[in-house]
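The values are calculated or read from the model by the stated rules, or taken from the named source; none is laboratory data. Small disclaimer: the values here were computed from a predicted structure and weren't measured. Note that we place each Cβ from the backbone using ideal geometry, even for glycine, and neighbour counts take in every protein chain shown.
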Amino acid sequence: MKEGVSRFKRGLVLRAAAKLFSERGYAATTIDAITDELSASKRAIYDHFAGKAEILVEICEQAVRFSVDLAERIAREPGDPVAKLRLLARDFTGIVIENQDYIAISSREMKFLPEDSYRRILRMQERFDRILRSILAEGVARGCFELADPAMTGLAISGMIIWVHRWYRAGGRLSRQEIAEAMAETALRMAAAPGARRADPHSPG
């Protein structure tokens, strides 16, 4: 039970800090501002984090960890490359939307990370890129995809999906599910996957 309470309190600190990092920027946010946001003492922070930099590390790491876990799980599962690409693009979009604030902070504030943490998180991002590239390369080898450069296409697909964090708004014209499905279809068209729907100028995607 103590471990569960600790995780809960740690999560409260992360959410408060993420709100302020998003609104003010990392450099302009102080520990005092985070404690004010929490309506708590500094001990509530220092019981869980060594300081503001460690909070940023955790936010940036979480922004990447869920997508890497997803990619690794899909890579292990049986299935053809088309199905894997569709699933990865769809669920990756869902992760980006669900973790919109963390991803926005990560994309903007990683320059403030300690060097060792920065390199570790970059390696996590590269792991995701390698898995996506391998799915595309397998698809080319099996005749499922028609593309000249799996690495470049993978970066284009992941960049397209990551960018969702910049424009997604809750209650917008499209639901989360509709956006995720549209991104999956677009990823398949980018890979020239047989069976992907042709673009309809009147459709939401």
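Listed values, structure above:
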read-out: Matching entry among Ser41, Ser117 (being outside any helix (DSSP H, G or I), in contact with a helix residue (DSSP H, G or I) (Cβ under 8 Å, 6 or more places away or on another chain) and either among the β-branched types (Val, Ile, Thr) or more than 28 Å from Ser175 (Cβ to Cβ) (or both)); value: Ser41
read-out: From the options Val57, Val82, Val68, residue that is of a type in the set (A, V, I, L, M, F, W, C), assigned to a helix (DSSP H, G or I), in contact with a helix residue (DSSP H, G or I) (Cβ under 6 Å, 6 or more places away or on another chain) and farther than 19 Å from Trp163 by Cβ; value: Val57
read-out: Members of segment 120-144 found to be among the hydrophobic types (A, V, I, L, M, F, W, C) and free of Cβ contacts under 8 Å to residues at least 24 places away in the same chain, listed by number; value: Leu122, Ala137, Val140, Ala141
read-out: Residue match in segment 87-106 (condition: in a helix (DSSP H, G or I), in contact with a Lys or Arg (Cβ under 6 Å, 6 or more places away or on another chain), touching a residue at least 24 places away in the same chain (Cβ under 8 Å) and of a type in the set (A, V, I, L, M, F, W, C)); value: yes
read-out: Flag if Ile74 is assigned by TED's automatic domain parsing to the domain that holds Ile157, farther than 24 Å from Gly139 by Cα and assigned to a helix (DSSP H, G or I); value: no
read-out: Of residues in segment 57-67 being surrounded by 20 or more Cβ atoms within 10 Å (Cβ to Cβ) and touching a residue at least 60 places away in the same chain (Cβ under 8 Å), the one nearest to Thr186 (Cα to Cα); value: Ser67
read-out: Hits in segment 91-148 - residues which are under 19 Å from Ala27 (Cβ atoms), surrounded by fewer than 16 Cβ atoms within 10 Å (Cβ to Cβ) and acidic (Asp, Glu); value: Glu115
read-out: Matching residues in segment 13-33 - criterion: being assigned to a helix (DSSP H, G or I) and within 20 Å of Ile103 (Cβ to Cβ); value: Val13, Leu14, Arg15, Ala16, Ala17, Ala18, Lys19, Leu20, Phe21, Ser22, Glu23, Arg24
read-out: Count - residues of segment 40-69 that are hydroxyl-bearing (Ser, Thr, Tyr) and either assigned by TED's automatic domain parsing to the domain that holds Ser134 or modelled with pLDDT of 90 or more (or both); value: 2
read-out: Some residue of segment 145-153 being more than 11 Å from Ala191 (Cα to Cα), in contact (Cβ under 8 Å) with a residue 40 or more places away in the chain and not in a helix (DSSP H, G or I); value: no
read-out: Residue in segment 34-56 that is surrounded by the most Cβ atoms within 10 Å (Cβ to Cβ), counting only those that are over 18 Å from Asp101 (Cα atoms), free of Cβ contacts under 8 Å to residues at least 12 places away in the same chain and not β-branched (Val, Ile, Thr); value: Ala40
